[in-house]
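First the structure, in the form of structure tokens, and then the observations on it.
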Amino acid sequence: MKHLLSISDLGADGIEEVMRVTDSFVEVSERAIPRVPALRGKTVVSLFYEESTRTRLSFEMAAKRLSADTMNFALSSSSVKKGESLRDTCQTIEAMGVDALVVRHSSAGVPWQVASWVDCSVVNAGDGWHEHPTQALLDCYTIRAQRGSLEGLRIAVVGDVKHSRVARSGVLAFTLLGAEVTIVAPPTLLPPSLVGWPVEVTSDLDGVLTKVDVVYVLRMQAERQTEALLPSLREYTARYGLTRDRVALLPDDAMVMHPGPINRGVEIASDVADIPRSAITRQVANGVAVRMAVLFLLLGQGPSGPLSGMQGPSGPLSGMQGPSGPLSGMQGPSGPSSGARG
Amino acid sequence: MAERERAATPPYGGVFSARSQVMDAEDLRRAVTRIAHEIVERNHGLDRVVLIGLQTGGVPLARRLAEALSRIEGVEVGAGSIDVALYRDDIGLRPVIPEAVTDIPFDLTGLTVVLVDDVLFTGRTVRAALDALNAYGRPRAVQLAVMVDRGHRQLPIRPDYVGKNLPTRIDEIVDVRDDGVDVGEKKVRGPERPSERAN
């Protein structure tokens, strides 16, 4: 496998392989000196056209723990400010000799576009509303670490599904691994079409909470909302927020997850985010190991890696797959290369 | 790494096909017992001696050696396992995948470590293992025990304990199992099984 752009590139077998390899990197992360020489001499560049704390730092730490060199691209102090196009920026960076580009952009499909321009590996670290595959992988790993498997688990994905790339990648990955997913959201925060999503949809959170294994709370993405989709955040919290009262409805062994960053007091109550059954900090910790596994599988395999047979879209979920050509479908709020924000 | 598995990893491809048996289960048992005695003799007992099996072929052998040692000396010997995939020098040249999680539940500083593998061939796996051991402390000494030394070394590495010296052709494959040792070839298989892995 050369690029990781979408969960559907991996398929169920590919996800399982990433999980299995991640076990080894969790062991590496637990050592006194958590570093292996596996990717010595490789260079990984983070190309983030959108803000990020955990994903950017997590990729950087993963690359460093594999002994790869890392470079960071700070949008605000780059030539993008002088009007350099995305394509020129990518090709300039590639000309310096990099092995992987980790790309985040506010427009859907940009990682596909970048992959068509450059020869190095491209990892999608989040494109608009579309996909965030490494987040889905670390979520699967976190659930698997606690429950052994996702097969037959009931997972409720709650909140702003419309603007959530985490939800799109997550639903794909969870269902590929055999989980039953229920989406809980107000109708205005559902995607325009759910055709092809193998999920149940409801707006009754309390009814769902009593019978789930995992409640996955999404961030309210105020920065992507261009119109009034909710009467008020307080009303949203009253009906869809994970409050202490609602946590009491959950089965004893249910996990509470959130991709971060948390809007405390909006989609999740402050004290709920910190309860023992909350897996939020474990998600972050596993994120480093999962990204080590992804970088190693992309860069450490030579010409014909074990995942090479798994490229390409697979099966029943094609209705929710992203751009088949670059920049088609599921478009984010802004145009192809205008998503730069300081 | 067991040769049988490496043989099944692309681009090597092919499946192992045994031609002749060079050790049977009894030979193997006697070799394990002899190596165990040699370890005790060389180290004047088992004080601060631990066994580390190389994933995956060396791990069952390390377990058998640990059992034999505790039978002989009446003390428990620490046993761990190590996966050297992340330390190999051919990462990027061929597909390298961690086979299993490393399990070394003790600090190696000051201990005598006996590395255990099934087959010693080029020596590159052992070099990677020596590198990997550094992450777990500074052993007092490192020794190497292998069931079969088949020659063709590419690095200045030699075993301290050998089950059987077995001259081979470079394209032959040696397969060590619990019930014996076979020599054979790999048979190239069809392209319809792209991602299959051993075990």
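The values are calculated or read from the model by the stated rules, or taken from the named source; none is laboratory data. Predicted model, so just to flag it, every value in this text is computed and none were measured. A quick note on method: Cβ atoms are made from the backbone with ideal geometry, for glycine too, and the neighbour counts reach across all protein chains shown.
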### Task
For the stretch A:41-59, indicate whether the set of residues that are crowded, with 17+ Cβ neighbours inside 10 Å, closer than 26 Å to residue A:148 by Cβ, among the β-branched types (Val, Ile, Thr) and more than 10 Å from every other protein chain (Cβ to nearest Cβ) is non-empty.
no
### Task
Could you tell me whether any residue of the stretch A:3-15 is more than 10 Å from chain B (Cβ to nearest Cβ) and free of Cβ contacts under 8 Å to residues at least 24 places away in the same chain?
no
### Message
So residue B:164 ticks every box in (1) touching a helix residue (DSSP H, G or I) at 6+ places or on another chain (Cβ under 7 Å); (2) surrounded by 20 or more Cβ atoms within 10 Å (Cβ to Cβ); (3) more than 20 Å from residue B:46 (Cβ to Cβ); (4) more than 14 Å from chain A (Cβ to nearest Cβ) but one. Which box is left unticked?
### Response
(2)
### Message
Please count how many residues of the stretch B:129-149 are aliphatic (A, V, I, L, M) and within 14 Å of another protein chain (Cβ to nearest Cβ).
### Response
5
## Note on the structure
For the stretch B:22-31 the number of residues that are in contact (Cβ under 8 Å) with a residue 12 or more places away in the chain and surrounded by fewer than 19 Cβ atoms within 10 Å (Cβ to Cβ) is 4
### Query
Which residue, of A:62, A:38, A:32, is of a type in the set (Gly, Ala, Ser) and under 24 Å from the mean Cα position of the chain (by Cα)?
A:62
### Task
Sort out which residues of the stretch B:74-97 are crowded, with 19+ Cβ neighbours inside 10 Å and more than 15 Å from the chain's Cα centre (by Cα), and write them in order of number.
B:77, B:86, B:87, B:91, B:92, B:95, B:96, B:97
### Query
Inside the stretch B:84-128, can you point out the residues that are in a helix (DSSP H, G or I), under 22 Å from residue B:173 (Cβ atoms) and facing chain A (nearest Cβ under 8 Å)?
B:85
### Task
Mind listing whichever residues of the stretch B:16-56 are part of a helix (DSSP H, G or I), of a type in the set (Lys, Arg) and within 22 Å of residue B:180 (Cβ to Cβ)?
B:29, B:30, B:34
### Query
Can you find a residue in the stretch A:156-167 that is closer than 25 Å to residue A:141 by Cα, surrounded by fewer than 23 Cβ atoms within 10 Å (Cβ to Cβ), out of contact with any strand residue (DSSP E or B) (no Cβ under 7 Å at 6 or more places or on another chain) and of a type outside the set (A, V, I, L, M)?
yes
### strands (runs of 3 or more DSSP E) completely within the stretch A:9-108 that count 2 or more residues being under 21 Å from residue A:169 (Cα atoms) and in contact with a helix residue (DSSP H, G or I) (Cβ under 8 Å, 6 or more places away or on another chain)
A:43-48, A:100-105
### Qualifying residue in the stretch B:154-161 (condition: outside any strand (DSSP E or B) and either within 14 Å of another protein chain (Cβ to nearest Cβ) or β-branched (Val, Ile, Thr) (or both))
yes
## Note on the structure
Note on residue A:288: of the conditions (1) out of contact with any strand residue (DSSP E or B) (no Cβ under 8 Å at 6 or more places or on another chain); (2) part of a loop (DSSP other than H, G, I, E, B), unmet is (2)
### Query
Would it be correct to say that residue A:277 is in the same structural domain as residue A:146 (by TED's automatic domain parsing), surrounded by 13 or more Cβ atoms within 10 Å (Cβ to Cβ) and out of contact with any Ser or Thr (no Cβ under 6 Å at 6 or more places or on another chain)?
yes
